[in-house]
Amino acid sequence: MRIDIITLFPEMFEGPFGYSIVKRAIDKGIVEVYTHNLRDWSTDKHHRVDDTPYGGKGGMLMSPQPIAACIDELKSQREYDEVFYTSPDGELLDQPTLNKSINYTNIIILCGHYKGVDERIREHYITKEFSIGDYVLSGGELAAMVLVDGITRIIPGSIGDEMSALSDSFQNGLIAPPAYTRPRLFNNWEVPEILLSGNEKKIDEWKHEQSLKRTKERRPNLLKDKKID
Ligand code: ADE
């Protein structure tokens, strides 16, 4: 999958994409990530990318010209499945949306800034707006990183043990059960006996019960539309 990120701060991505699963996926060629500095497309002599809103007070908006120029150039080179825009107004990003996203070949992510983007860009270029939570960040870069990380780690080949991505929290609509590793006794705290039993069926049942219990306690909203078995 090719991911083109349009941003005011391309350097911000070097850290998060330089480690762990995303770095390995990039190194293996499973994902290709390109960042584009929006200022490079501005025809303004000072490379400005923002302006004051018509009919409004305070705050700045992202100007349409550099965004349109950058997206037009990218689209002239290949077809894109989606043009995402990161914004607190967007649809909340969740695991089912990430799961659907792994089939894309090429996507663009426009990172929002200031008071947002000129509405005409939203109407004519953006195909999906997403938010990573009901709070406001200083810019959409962190949200773009979350999307790229969330997609990359579930693309087959990114994680060695494919089963481990499938057993993440949310993959079955539930929070993951408690997990333990060696030593069996730590600070006099025991590992639950069932996990040492070797009885796979019983262990799976226990894990499912624990997942359900945790989800009820911590995230009851996840159970609302779910058929519980
Ligand atoms: N930009 C600012 N806040 C955001 C959020 N919560 N999600 C996505 N993009 C944002």
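Some notes on this structure:
- Placing +1 on the Cβ of every Lys and Arg and -1 on the Cβ of every Asp and Glu, with no other charges, gives the chain a dipole of roughly 600 debye about its Cα centre.
- Theoretical ellipticity at 222 nm over the chain - DSSP helices of four or more residues, -39500 (n - 2.57) apiece, nearest 500: -9000 deg cm²/dmol
- Residues whose amide H falls under 5 Å from that of residue 169, counting only those 5 or more places apart or on a different chain, are 176, with hydrogens built in the peptide plane.
- The eigenvalues of the Cα gyration tensor, multiplied by 5 and square-rooted, give segment 167-223 an equivalent ellipsoid with semi-axes of 23, 14, 9 Å from largest to smallest.
- Given their separation in residues at 0.36 nm each and the Cα-Cα distance between them, residue 222 and residue 81 gain 47.9 nm when the chain is fully extended.
- Seen from all directions on average, segment 129-204 presents a Cα convex hull projection of 8.5 nm².
- Tail beyond 31 Å, pair distance distribution of the chain (Cα, percent): 36
- For segment 129-229, the dipole from Cβ point charges (+1 on Lys and Arg, -1 on Asp and Glu) about the Cα centre works out to 380 debye, to the nearest 20.
- Taking every C-alpha pair closer than 8 Å and separated by at least 6 residues, the mean separation divided by the residue count of segment 167-223 gives a relative contact order of 41 percent.
- Between residue 184 and residue 120, the modelled labels are 7.2 nm apart [label points 7 Å from Cα along Cα→Cβ].
- Pairs from 23/216; 23/75; 23/45 whose Cα-Cα separation, in the structure shown, is over 28 Å: 23/216; 23/45
- Rg over Rh, two decimals, segment 72-120 (C-alpha only, Kirkwood Rh): 1.00
- Listed values for segment 192-204 are Karplus-derived 3J(HN,Hα) couplings in whole Hz (6.51 cos²θ - 1.76 cosθ + 1.60, θ = phi - 60°), namely x, 3, 4, 6, 9, 6, x, 8, 4, 5, 4, 5, 4, and x replaces Gly and Pro.
- Within straight-line reach of residue 57, meaning a Cα separation under 17 Å, sit the following aspartates and glutamates at least 8 residues removed in sequence or on another chain: 118, 119.
- When you restrict to C-alpha pairs under 8 Å that are six or more residues apart and normalise by the size of segment 80-181, the relative contact order lands at 34 percent.
- Couplings 3J(HN,Hα) of segment 88-104, computed from phi: x, 7, x, 5, 5, 6, 9, 4, x, 5, 4, 4, 5, 6, 5, 8, 5 Hz, in residue order, whole Hz [Karplus 6.51 cos²θ - 1.76 cosθ + 1.60, θ = phi - 60°; x for Gly and Pro].
- Linear extension gain, residue 48 paired with residue 142, 0.36 nm per residue minus alpha-carbon span: 31.6 nm
Every read-out reported here was derived from the displayed coordinates using simple, explicitly stated rules and does not represent laboratory data. The structure presented is a predicted model; accordingly, all values stated were derived computationally and were not measured. Here the Cβ is made from the backbone with ideal geometry for all residues, glycine too, and neighbour counts use every protein chain on show.
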